[in-house]
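Heads up: the structure comes next, in structure tokens.
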Amino acid sequence: MDSYQQIFENNRAWVQGKLAVDEHFFEKLARDQKPHFLYIGCSDSRVPANVIMGLDEGEVFVHRNVANLVVASDNNINAVIQFAVEYLEIQHIIVCGHYGCGGVKAALHPTDMGQLNSWLQNLRDVCRLHQEELDQILNPAQKYRRLVELNVIEQCVNVIKIDHVQRKWYQTGYPQVHAWVYDLHNGLLKELDVNLASYFSSIRSIYDLKISDD
Ligand code: CO
């Protein structure tokens with residue numbers, strides 16, 4: 001059996017496994033979803049959101065794209081974030097990058113990548129914003145890791161620029177935004193040691209849309 005056909009075998013086995021533990025599993029899951037987390041991560045096949053977070057079906061709302069970017073003109077992610085904050089009332093938005101990210105590496109070594117050029121331009125913008133810091137890191141591996149981290153932080157900033165996020169935040173104090181990096185080499189997630197609240201307040205005069213309830 002080829003790997004494509006094997007998927008349906010896997011699916012049936014998974015269904016049977018779930019029903020063996022709880023015969024009403026799918027009935028309950030089908031009623032509604034009330035996840036507490038929105039996870040925005042890379043499409044990389046080695047970084048599966050539910051698995052690395054140890055969460056079950058129904059527990060995390062997921063958006064993935066190349067290099068976990070939050071792009072203002074991307075209707076897809078805007079819809080995901082609006083749905084998550086307004087309808088699901090998500091309390092935590094996580095942007096999770098990963099060391100060894102191919103998209104980030106491509107941005108460090110500019111070449112013509114055709115259709116990917118405009119997408120990767122967002123990463124090159126992160127390089128430009130933090131050029132001074134990056135230029136001081138002489139070790140290429142360390143520079144690569146640092147750009148992964150800086151990209152996550154900048155994408156968190158992009159989340160708080162969004163009107164739906166600001167509106168909900170003024171109403172409820174949520175969502176909180178979190179910057180994570182996953183390490184392919186040891187499987188561990190870490191929260192970046194960065195004071196997002198103070199970073200956000202330092203740029204507030206630029207991005208605060210002055211949204212109020214009335
Ligand atoms: Co990646």
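The values are calculated or read from the model by the stated rules, or taken from the named source; none is laboratory data. Keep in mind that what you see is a predicted model, and the values were worked out from it rather than measured. Reconstructed Cβ throughout: ideal geometry from the backbone, glycine too, with neighbour counts over all protein chains shown. Heavy atoms of the whole protein, side chains included, go into the accessibility calculation; ligands, DNA and RNA do not. Shrake-Rupley method; radii C 1.70, N 1.55, O 1.52, S 1.80 Å.
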Checking 139, 65, 151 against a Gaussian network model of the chain (alpha-carbon springs below 10 Å), the top fluctuating residue turns out to be 139
FRET efficiency estimate (nearest 0.05) - Cβ-Cβ, residue 51 to residue 73, R0 35 angstrom: 0.70
Relative contact order computed over the stretch 20-178 (Cα-Cα under 8 Å; 6+ residues apart), in percent: 26
Which of the aspartates and glutamates could a cross-linker span from residue 168 if the Cα-Cα distance has to be under 15 Å and same-chain partners fewer than 8 positions apart are dropped? 86, 89, 208, 213, 214
Straight-line reach from residue 18: which lysines have a Cα under 26 Å away, not including same-chain ones fewer than 8 places off? 28, 34
At R0 = 35 Å the Cβ-Cβ FRET efficiency linking residue 28 and residue 7, nearest 0.05, sits at 0.90
Carbon plus sulfur fraction of accessible area for the stretch 60-142, probe 1.4 Å, in percent: 51
Which residues in the stretch 48-73 place their backbone N less than 18 Å from a point set 7 Å from the Cα of residue 188 along the Cα-to-Cβ direction? 52-54
What does the accessible area per residue of the chain come to in Å², with a 1.4 Å probe and no ligands, DNA or RNA counted? 59
Specify the inter-centroid distance of the stretch 97-143 and the stretch 152-214, based on alpha-carbon positions, in whole Å. 21
Shape parameters for the stretch 1-157, alpha-carbon atoms, Rg then Dmax in Å: 18.9, 58
For residue 184, other-chain or 5+-apart residues with amide H closer than 5 Å (H placed, Pro excluded) are 99
Top of 40, 81, 203 by mean-square fluctuation, Gaussian network on the chain, Cα under 10 Å: 203
Roll a 1.4 Å probe over the protein heavy atoms and report the accessible area of residue 105 in Å², nearest 10. 100
For 2, 74, 112, give me the order by solvent-accessible area with a 1.4 Å probe, most accessible first, ignoring ligands, DNA and RNA. 112, 2, 74
Taking the stretch 115-211, the whole-percent share of alpha-carbon pairs separated by over 23 angstrom is 35
Short version: ³J(HN,Hα) in whole Hz for each residue of the stretch 17-33, in order, from phi by Karplus 6.51 cos²θ - 1.76 cosθ + 1.60 (θ = phi - 60°), x for Gly and Pro, what are they? x, 5, 5, 5, 7, 8, 5, 9, 3, 6, 4, 5, 5, 6, 4, 5, 10
For the stretch 170-184, in residue order, the Karplus 3J(HN,Hα) values (coefficients 6.51, -1.76, 1.60; θ = phi - 60°; whole Hz; Gly and Pro = x) are 5, 6, 10, x, 10, x, 8, 10, 10, 9, 10, 10, 9, 9, 4
Using amide H atoms built in the peptide plane, which far-off residues or other-chain residues are under 5 Å from residue 137 H to H? none
Residue 62's amide H: which non-local residues (gap 5+, or another chain) put their own amide H closer than 5 Å, with H modeled 1.01 Å from N in plane and none for Pro or chain starts? 39
Residue-ordered couplings for the stretch 189-206, obtained by feeding phi - 60° into the Karplus form 6.51 cos²θ - 1.76 cosθ + 1.60 and rounding to whole Hz (Gly and Pro as x), are 8, 9, 8, 5, 7, 9, 8, 5, 4, 6, 5, 4, 5, 6, 10, 4, 5, 8
